[in-house]
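Following: one structure in structure tokens, then a few remarks.
The values are calculated or read from the model by the stated rules, or taken from the named source; none is laboratory data. From a predicted model like this one, the values you see are computed outputs, not experimental measurements. Methodologically, a virtual Cβ is constructed for each residue, glycine included, from the backbone with ideal geometry; neighbour enumeration extends over all protein chains shown. For the accessible areas, the whole protein counts, side chains as well, though only heavy atoms, and no ligand, DNA or RNA atoms are used. Shrake-Rupley method; radii C 1.70, N 1.55, O 1.52, S 1.80 Å.
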Amino acid sequence: MHATDLHGGWSLLATGGPVPDAIVGRTVPATVPGTTHTDLLAADLIADPYLRLNETEVAWMHRAQWRYERELVVPPAEPAERVDIVFEGLDTVATVSLGGQILGHTANQHRTFRFDLRAALASVDGGRMPLTVDFASALESAESEVARLGARPAAYDYPLGMVRKMACSFGWDWGPDLQTAGIWKPVRLERWRVARLASVRPLVTVTDDLGAARVQVHVDVERSGLEPDPAPLTLVARLTRPGGGVTEATAVVETGATSAVVTLDVAQPELWWPVGYGDHPLHDLTVELMNGDASTATSIDEWQHRIGLRSVRVDTSDDEFGTAFTIVVNGTPVFAKGANWIPDDHLLTRITREQLSRRIGQALGANLNLLRVWGGGIYESEQFYELCDETGIMVWQDFLLACAAYPEEEPHRSEFEAEAREHVARLTAHPSLVLWNGGNENLWGFMDWGWQEELQGRTWGHFYYTELFPAIIAELAPTTPYADGSPYSPRAALDIIHPNDPDHGTHHQWEVWNRIDYTQYRSEIPRFCSEFGFQGPPAWHTMERAMTNAEGLVATKNDPVWLLHQKADDGNGKLDRGLEPHLGVPTDFTDWHWATQLNQARAVAHALTHYRSWWPRTAGAIVWQLNDCWPVTSWAAIDGDEIVKPLWWALRSSFADRLLTVQTRPDPVTGEPVPVLAAVNDTGSPWNGEVRMRRESLGGALLAETSIVLDAAPRSVQLLGLPPELRTPDDRTAEVLVAETSLGAGTTSGSATMVRDVHCWAPDTELSLHPDAVTVDVEVVEDGYQVRVLAARGLVKDLTLLADRLDPAATVDQALVTLPAGASTTIHVRSAVRGLEAALATAPVLRTANDLTRTRTAPEPTRAEGSSTDEQHGNLTGLDPHPAVGSRP
């Protein structure tokens, strides 16, 4: 096998559609891999669509046609030699030609296409000819399918289910509508003889006692078809353990056969575990394809990969509460601390391994152990899954269907099958991949979104979720679990148990955010919440860079620039309605920005602490969402400029290995809800000690105190009852409950020493918070600043340094710090910028919830629908001095 990349020498020309006069007839250099947007940006022919109102200025590209072209010089094929051109990704509707001869047509962004060039090469003297790829409008192609097959419902106005293109390329409620086109993945020329490795699938099983593992290496080969007398082929598989030692085995691909299995047995295996549950060692697996038998064979192709040895299943057994949904790795149930993942840049070809490494580092910093690759994006690059393998991040992988009905007629059915087979086979080697999922919200959409009336009996994708995809998984990756969709109720017919029933399988909670107050997260106990979230704006620096108005100032919330970067339906209205019962709605935009970021963090923390307190009944929580793909107000914890929002800190504390949180449970005698303290211990060691609890005034006057014995077993939750003197305040607007204990051994929290939870009985709008409760001292140190918060004059809620306002590369080691009266802390700011001492000591950089009491509108006596009066905000203090992982590129 000899491969040559074909990434150089390409040009781009618009060939049709509503192309602006300045671009008509212009041929520009093209970068491959790349897209029309990135090439026109490089040629200064379009403005950056991420900035200001520029997205609207490139809408003409939705209906444009394009030609990529380069010269290809290929010597004629030698006897018995195959010459192929391989496109790993074409976005989307394309015609590939060589020397004027059409090699093929494509209509699937998510597939690899291979074309045999022998016939084309034979007709050209000298092997020099133009290679062209002509792209039609994906939108117009989808519209033609609507005309042919009938409309299918979708969450947005475009027919995004009618073409196999990244769904969010058509825009989403957090993403731009760019509708890219281009050669978006590598392209290469391959010359080979006899046979090549078409697919290698290592399937790993582990014995119940974890004492042995088996790797069955399933290999598919493609024969050239040019050998006059095909001979058997030999496969040699070698597995090298992390510390050395090689296991080797061989198998024969018999004459006329195209597949074989090589079996490798490993005694006392070094197992791959999710982060927080053990190490994640990787083994080097090499598979060599030999021409002939073992004694005379010569190597003709080779495959190399690092794999992990682990077993995985999903427990979907029925119990007294409904139907479980618990990920089990190596026989150990795992609480999934997750976030949904979208493409990290809408212009996909700009994403680098270094960028992915930073993002996954931030996921680890937020104490996540799972990322769900959402079905409206892409099958991620090998680099993404390799990084997850290395770091112990589990991956839940959606098939790429989201919020739409999909036709089952041809050629759609064949495209789905080819796409699914390719990626299931490709990703089998990754130990991080623990679940395949049929799609996003499509089962739910069919039941609740009016689809049945709109479809009028037309196909909508049910065959894919319930027949095609599970059959492919059973054939190609039987060691990886599969779910029909998310949300999804296992084994339930649609007319018996609703797919979004929180008591059965996976659940999406979107009543909160859309219609009811976030305190209602605690009104249900889902078995596994795979989507929920709350919006907040990006960092101030991100807005300064990308969201400025005509005067060059940051666009405020009613400015057209802001609204273009706020894609959610009634997004601003929902933000304000979500704020009102908790923080009030500030009239000053700077304060409103801080309040909405803070409210986002509090809302998600309110859900997470509730879900974690119900382990093992609730076995996972996947926040929507980890990352952004451009500058936007969204549900993300990390904005489009890679700056962490306050939500990131809420994830970090709420997903900590050990957590104290005040929750409610039914009184065993009266059945009425009463407060309890939940001690969540997600470590492999017992958590023993003493919890010191006190009820005090906001100013620090002690009203009652006690100590409770802590004895939480590994991977468990201990519920501690509160004595009457701590359970109920004398004045709910002027008191606070504080619980503190030692963090103990067996955690991954570095130098952290204490866990604290601070519980209020009333929202901030009713609390008598001191607006100036903190005094700080700022000291310059070698790598930045130490900001010392001196003894708080009263309860301080959610102390945060918004350091990006001063330096976008600055990081801090803690945020959202809640301090009882008299407490103190130190925040380490890492920054190379000098002279920031004064700015770090005051607003708008130094913020607390307290200072919002100055500018919010007066609260109404009525509360948001479904809201309660009980508020709880905890934080993990004593964090190790660890900066927000990663920085802006």
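Just a few scattered comments:
- Hits in region 433-464 (condition: in contact (Cβ under 8 Å) with a residue 60 or more places away in the chain and in a helix (DSSP H, G or I)): Trp444, Gly445, Trp451, Glu454, Leu455, Tyr464
- Pairs meeting the criteria (first residue in region 160-174 and free of Cβ contacts under 8 Å to residues at least 60 places away in the same chain, second residue crowded, with 24+ Cβ neighbours inside 10 Å, beta carbons under 7 Å, at least 6 apart or on different chains) are Phe170/Leu160; Phe170/Gln179.
- Matching residues in region 272-286 - criterion: being surrounded by 20 or more Cβ atoms within 10 Å (Cβ to Cβ) and either assigned to a strand (DSSP E or B) or of a type in the set (Lys, Arg) (or both): His283, Leu285
- Tallying residues that are among the polar types (S, T, N, Q) and closer than 25 Å to Leu72 by Cβ within region 146-200 yields 1.
- Screening region 114-210 for strands (runs of 3 or more DSSP E) wholly inside it with 1 or more residues that are in contact with a helix residue (DSSP H, G or I) (Cβ under 8 Å, 6 or more places away or on another chain) and more than 26 Å from Thr349 (Cα to Cα) returns the ranges 128-135, 195-206.
- Odd one out for Gly308 among (1) open to solvent by less than 20 Å² (accessible area, probe 1.4 Å); (2) without any contact (Cβ under 8 Å) to a residue 40 or more places away in the chain: (2)
- Complete set of residues in region 200-244 that are modelled with pLDDT under 95, farther than 17 Å from Pro281 by Cα and of a type in the set (Gly, Ala, Ser): Ser224, Gly225, Ala231
For every residue, the table says whether it meets (1) open to solvent by less than 10 Å² (accessible area, probe 1.4 Å); (2) within 30 Å of Asp813 (Cβ to Cβ); (3) modelled with pLDDT of 95 or more.
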{"site": "Arg727", "(1), (2), (3)": "no, no, no"}
{"site": "Asp730", "(1), (2), (3)": "no, no, yes"}
{"site": "Val736", "(1), (2), (3)": "yes, yes, yes"}
{"site": "Ala739", "(1), (2), (3)": "yes, yes, yes"}
{"site": "Gly744", "(1), (2), (3)": "no, yes, no"}
{"site": "Thr748", "(1), (2), (3)": "no, yes, no"}
{"site": "Ala752", "(1), (2), (3)": "no, yes, no"}
{"site": "Val758", "(1), (2), (3)": "yes, yes, yes"}
{"site": "Pro763", "(1), (2), (3)": "yes, yes, yes"}
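- Answer residue from region 541-578, given it is touching a residue at least 24 places away in the same chain (Cβ under 8 Å) and closer than 19 Å to Arg602 by Cβ and is most open to solvent (accessible area, probe 1.4 Å) among those: Arg577
- Any chance Arg214 is more than 17 Å from Val266 (Cβ to Cβ), under 33 Å from the mean Cα position of the chain (by Cα) and not in a loop (DSSP other than H, G, I, E, B): no
- Of all the listed residues (Arg152, Arg148, Arg114), the sole one being of a type in the set (Lys, Arg), modelled with pLDDT of 95 or more, farther than 29 Å from Asp21 by Cα and open to solvent by less than 60 Å² (accessible area, probe 1.4 Å) is Arg152.
- Evaluation of Arg793 against the conditions (1) surrounded by 21 or more Cβ atoms within 10 Å (Cβ to Cβ); (2) part of a loop (DSSP other than H, G, I, E, B) shows that the sole unmet condition is (1).
- Failed item in (1) more than 29 Å from the chain's Cα centre (by Cα); (2) open to solvent by less than 20 Å² (accessible area, probe 1.4 Å); (3) aliphatic (A, V, I, L, M), with Val24 passing the rest: (2)
- Taking residues in region 323-335 that are among the aromatic types (Phe, Trp, Tyr), and partners anywhere that are assigned to a strand (DSSP E or B), the pairs with Cβ atoms closer than 6 Å and at least 6 places apart or on different chains are Phe325/Thr506; Phe325/Phe528.
- When every residue of region 798-812 is checked against the conditions, none turns out to be over 21 Å from Pro586 (Cα atoms), in contact with a Phe, Trp or Tyr (Cβ under 7 Å, 6 or more places away or on another chain) and assigned to a strand (DSSP E or B).
- Just one of the listed residues (Thr506, Thr542, Thr480, Thr466) is within 23 Å of the chain's Cα centre (by Cα) and within 30 Å of Asp220 (Cα to Cα), namely Thr480.
- Within region 47-102, tally of residues that are in a helix (DSSP H, G or I) and touching a Ser or Thr at 6+ places or on another chain (Cβ under 6 Å): 1
- Region 338-363 residues that are over 23 Å from Phe655 (Cα atoms) and open to solvent by 10 Å² or more (accessible area, probe 1.4 Å), paired with ones that are modelled with pLDDT of 95 or more and aromatic (Phe, Trp, Tyr) (beta carbon under 7 Å, 6 or more apart): Leu348/Trp184; Thr349/Trp184
- Criterion violated by Ser685 - all others in (1) open to solvent by 20 Å² or more (accessible area, probe 1.4 Å); (2) in contact (Cβ under 8 Å) with a residue 60 or more places away in the chain; (3) part of a strand (DSSP E or B) satisfied: (3)
- From the options Asp44, Asp39, Asp21, residue that is within 30 Å of His541 (Cβ to Cβ) and in a loop (DSSP other than H, G, I, E, B): Asp44
Listed here are the residues, each with its yes/no results for (1) in contact with a helix residue (DSSP H, G or I) (Cβ under 8 Å, 6 or more places away or on another chain); (2) within 15 Å of Thr590 (Cβ to Cβ); (3) at pLDDT 95 or above.
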| position | (1), (2), (3) |
| --- | --- |
| Leu494 | yes, no, no |
| Val512 | yes, no, yes |
| Arg522 | yes, no, yes |
| Gly536 | yes, yes, yes |
| His541 | yes, yes, yes |
| Ala546 | no, no, yes |
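- Every residue from region 580-591 that is surrounded by fewer than 24 Cβ atoms within 10 Å (Cβ to Cβ) and either hydroxyl-bearing (Ser, Thr, Tyr) or under 25 Å from Cys760 (Cβ atoms) (or both): Glu580, Gly584, Val585, Pro586, Thr587, Asp588, Thr590, Asp591
- Which listed residue is within 21 Å of Ala595 (Cα to Cα) and open to solvent by less than 40 Å² (accessible area, probe 1.4 Å), from Leu836, Leu840: Leu840
- Residue match in region 519-538 (condition: surrounded by fewer than 24 Cβ atoms within 10 Å (Cβ to Cβ), of a type in the set (A, V, I, L, M, F, W, C) and within 22 Å of the chain's Cα centre (by Cα)): no
- Residues in region 468-506 that are without any contact (Cβ under 8 Å) to a residue 60 or more places away in the chain and open to solvent by less than 10 Å² (accessible area, probe 1.4 Å): Ile472, Ile473, Gly485, Pro487, Pro499.
Rundown of residues vs (1) in contact (Cβ under 8 Å) with a residue 24 or more places away in the chain; (2) open to solvent by 30 Å² or more (accessible area, probe 1.4 Å); (3) part of a loop (DSSP other than H, G, I, E, B); (4) hydroxyl-bearing (Ser, Thr, Tyr), yes/no style:
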site: Trp630; (1), (2), (3), (4): yes, no, yes, no
site: Trp648; (1), (2), (3), (4): yes, no, no, no
site: Ala656; (1), (2), (3), (4): yes, no, yes, no
site: Arg665; (1), (2), (3), (4): yes, no, no, no
site: Thr670; (1), (2), (3), (4): no, yes, yes, yes
site: Glu690; (1), (2), (3), (4): yes, yes, no, no
site: Val709; (1), (2), (3), (4): no, yes, no, no
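- Test result for Asp265, surrounded by fewer than 16 Cβ atoms within 10 Å (Cβ to Cβ) and without any contact (Cβ under 8 Å) to a residue 24 or more places away in the chain: no
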